[in-house]
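The values are calculated or read from the model by the stated rules, or taken from the named source; none is laboratory data. Since the structure is predicted, the reported quantities are computational estimates derived from the model, not experimental observations. With ideal geometry, Cβ positions are generated from the backbone for all residues, glycine too; neighbour counts draw on all protein chains shown. Quick note on the areas: whole protein, heavy atoms, side chains included, nothing else; ligands and nucleic acids left out. Shrake-Rupley method; radii C 1.70, N 1.55, O 1.52, S 1.80 Å.
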Amino acid sequence: MDTTSTENTNAEDTGTQGTGTESIGTLVVLGATGDLTSRLLLPGLGRLLTEQPARRLRLIGADPAPRDSRQWAEVVRAAFDSVDATGPAVDHVLDHAEYLVTDASSAEDLQQVLASATGIPALYFALPPAVTAKAIDALHRVSLPEGTLLALEKPFGADQTGAAALNRRLLSLVDEDQVFRVDHFLGKSTVLNILGLRFANYLFEPLFNRDHVAKVEIVYDEQLGLENRAGYYDRAGAMVDMIQSHLLQVMALVTMDAPQSVHATDLRAAKTEALRAVRPFAGDPVAAGRRARYTAGTIGDRRLPSYTDEHGVDPDRDTETLAEVTLESTTWRWSGVPFVLRSGKALEAARREIAITFREVPHLPAGLDGHLEPTVLRVCLGPDAMVLELNVNGPGDPFVLDRGRLSADFGAGRLNPYGEVLHGILDRDPSLSLSGEAAEHAWRVVDQIRAAWQSGQVPLEEYPAGSSGPQTW
Ligand code: BG6
């Protein structure tokens, strides 16, 4: 079959915001010396500023670690260099980079940071959830400039009740459209391609329902292990780290009805409505989930210790490094179709895709031989591609069925996921961030299954690092 390559040909962005509102003047990164900042946020910002040379932004790094503005500018420059960021917008940020030693739980310190900001500030909480919660409390004793944006990293709260409480705290400070609940998966260009694929073609959307789809898998299997993140990961586990935070949002994009527009209000409403309908498959939270953690093993030439022997891990927490849940969307469109969401660490191969398996044909004409498999549409989440697997006649004997593949490789997105996230924040466009209600519904689903796990009804299984998961799965 033919392989077609496509490239993203987005029009150049001049740096003016698309929403018609004044863009952010100062980005304050709370947690400036952290790993997230140097590894993801700053490179994302570098790419964005290279694309938008007309943007003029001030960048304040805030953190308790004793540093000065020159050292901060060096950190920023190194991150920008890692993505070959150049141009006047990049130079402007580097020339005006400021660092303030800040205790994010201190109202006085936060007030001082805000006093240094020019234009409308965005506070990005690149902090552990407990520290973010203290900072939100402290902000209640601070006078916030008009329009201040608050951008929060995942996980948003620790359960549905916690997320609801956090939403209330945030909404007593600012309006909903000033809160950005960050999910970098929504900044991945292939995840966003689901919108175009579904709503800009006549081919797929009429088939996206229970009459034609047998099952949907949303899988994000990684070869990476713990990567020294025990302090965070050992409390989150695969279920919260990936399924609650990311894969449920992807499911919402697959199941939602066509929004009126892809602007923030319509898109967020459609996704939230879709999440409201999600529950464990057949309403059974025990049968709907499986969990496992890795033991020692080898991935390629990397030898990984058992998860429980990793530095900082408390084995008694029973943290899973592989989680799989089967969910359904209780709507006329989808009821009864299993949605399998799965993600794990230290697995044999990286499988990152949305696989939509269509139903079998009702009748195969006699005389057509060969192995009949259902049609599968795969949206690959890295490398970015789309594949449609079909049964066709040929090559060779025309009456024997063969498997054919129509595939398209998407070029890299204009921005990386954090670049897209920051683009939304700096233009005050929350289209790609979660609504408060969406965040609470994602927890509702996950809480039900985690309660079954915590009550001991679902065993914690094991798999050797470098395998495809527990043997029985
Ligand atoms: C992060 C998780 O949000 O997403 C990580 O905390 C995970 O554990 C990562 O590895 C996967 O996303 P990406 O874009 O880095 O492949």
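What the table below lists for this structure:
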item	result
On Cα atoms only, tilt of 189-199 relative to the major axis of the chain in degrees	60
Theoretical FRET efficiency, 1/(1+(r/R0)^6), r = Cβ-Cβ of Asp316 and Asp397, R0 45 Å, to 0.05	0.15
Per residue, the convex hull volume that the Cα atoms of the stretch 201-271 enclose (Å³)	144
Longest to shortest principal axis, alpha-carbon extents of the chain, angstrom	78, 52, 46
Beta bridges per DSSP with both ends in the chain, % antiparallel, nearest 5	55
Normalised per residue, the volume of the convex hull around the Cα set of the stretch 79-161 (Å³)	133
Neighbourhood net charge (11 Å Cβ-Cβ; Lys/Arg +1, Asp/Glu -1) for Ala264	-2
Percentage, to the nearest whole number, of Cα pairs in the stretch 140-277 over 18 Å apart	65
Cβ-based net charge around Leu110, under 10 Å, with every Lys or Arg adding one and every Asp or Glu removing one	-2
Under 29 Å from the Cα of Lys215 - lysines, other chains or at least 8 residues apart	Lys154, Lys188, Lys271, Lys345
Residue-averaged [θ]222 nm for the chain, counting only DSSP H segments that reach four residues, each worth -39500 (n - 2.57)	-9000 deg cm²/dmol
Three semi-axes of the equivalent ellipsoid, the stretch 286-443, Cα gyration tensor, whole Å, largest first	35, 25, 21
Rounded tilt (10° steps) of 436-454 against the dominant C-alpha axis of the chain	60
Three semi-axes of the equivalent ellipsoid, the stretch 30-121, Cα gyration tensor, whole Å, largest first	22, 15, 10
Accessible area per residue, Å², the stretch 34-97 with all protein chains present, probe 1.4 Å	44
Shape of the stretch 201-352, Cα gyration tensor, a/c cut at 1.5	prolate
Accessible surface of the stretch 368-473, 1.4 Å probe, proportion on carbon and sulfur as whole %	55
Helix axis angle, 417-426 relative to the chain longest principal axis, alpha carbon, degrees	50
Shape parameters for the stretch 68-123, alpha-carbon atoms, Rg then Dmax in Å	13.0, 37
